[in-house]
């Protein structure tokens, strides 16, 4: 498959494409897990420090991702999502690298994230991209469905 990402840029959390992408992600997760609201502390415009949207050659929004900066000097990856028709084309990797670059630019040296047992594709993706399994953190500390990962950005 040919990569469909042409640009990954910071955009407002409340942009129409951002809302549409996150709504699609939430619907997919609700179907995978059989429940709404899988996340105890859902991100908001006030709690997200960086939000990016990937766009294809025609300007269509193909994916998104966000960073929340934590008090310990790390960044938490949030709301990584790629539309189904763009999966496997490099969009997710483009989003992830753009977020890691923005974290580095802000002096962050590690990224953490939580995904879940209902997302084996995400688990494989993060492992392939150099993320290591780690103990749970925050609201994911002892959550039975959570799978947490971390990556030092100086690797």
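The values are calculated or read from the model by the stated rules, or taken from the named source; none is laboratory data. Just so it is clear, the structure is predicted and the values come from calculations on it, not from any experiment. Cβ: placed from backbone, ideal geometry, glycine included. Neighbour counts: every protein chain shown.
Within the range 124-140, the residues that satisfy the criterion of being in contact with a strand residue (DSSP E or B) (Cβ under 7 Å, 6 or more places away or on another chain), modelled with pLDDT under 90 and surrounded by 13 or more Cβ atoms within 10 Å (Cβ to Cβ) are 136, 137, 140.
Of all positions in the range 39-59, at least one carries a residue that is over 24 Å from residue 9 (Cα atoms) and either modelled with pLDDT of 95 or more or surrounded by fewer than 14 Cβ atoms within 10 Å (Cβ to Cβ) (or both). Could you say whether any residue in the range 49-58 is under 13 Å from the mean Cα position of the chain (by Cα) and free of Cβ contacts under 8 Å to residues at least 12 places away in the same chain? No: zero hits. For residue 77, the requirement of being out of contact with any strand residue (DSSP E or B) (no Cβ under 6 Å at 6 or more places or on another chain), crowded, with 20+ Cβ neighbours inside 10 Å and either in a loop (DSSP other than H, G, I, E, B) or at pLDDT 95 or above (or both) is not met. In contact with a strand residue (DSSP E or B) (Cβ under 7 Å, 6 or more places away or on another chain), in a strand (DSSP E or B) and under 22 Å from residue 23 (Cβ atoms), is that true of residue 47? Criteria not met by residue 47.
Being free of Cβ contacts under 8 Å to residues at least 60 places away in the same chain and more than 16 Å from the chain's Cα centre (by Cα) is not true of residue 63. Scanning the range 96-103 turns up no residue that is in contact (Cβ under 8 Å) with a residue 12 or more places away in the chain and over 17 Å from residue 79 (Cβ atoms). If only residues of the range 91-123 that are farther than 19 Å from residue 51 by Cβ and within 14 Å of the chain's Cα centre (by Cα) are counted, the one that is surrounded by the fewest Cβ atoms within 10 Å (Cβ to Cβ) is 121. Scanning the range 50-66 for residues that are part of a strand (DSSP E or B) and more than 19 Å from residue 24 (Cα to Cα) turns up just one, 50. Being touching a helix residue (DSSP H, G or I) at 6+ places or on another chain (Cβ under 8 Å), under 30 Å from residue 136 (Cβ atoms), surrounded by fewer than 18 Cβ atoms within 10 Å (Cβ to Cβ) and in contact (Cβ under 8 Å) with a residue 60 or more places away in the chain is not true of residue 36. Checking each residue in the range 6-36 for being modelled with pLDDT of 95 or more, in a helix (DSSP H, G or I) and more than 16 Å from residue 78 (Cα to Cα) picks out 16, 17. If the condition is being under 19 Å from residue 65 (Cα atoms) and either in contact with a helix residue (DSSP H, G or I) (Cβ under 6 Å, 6 or more places away or on another chain) or at pLDDT below 95 (or both), then the range 141-155 contributes 146, 147, 148, 149, 153.
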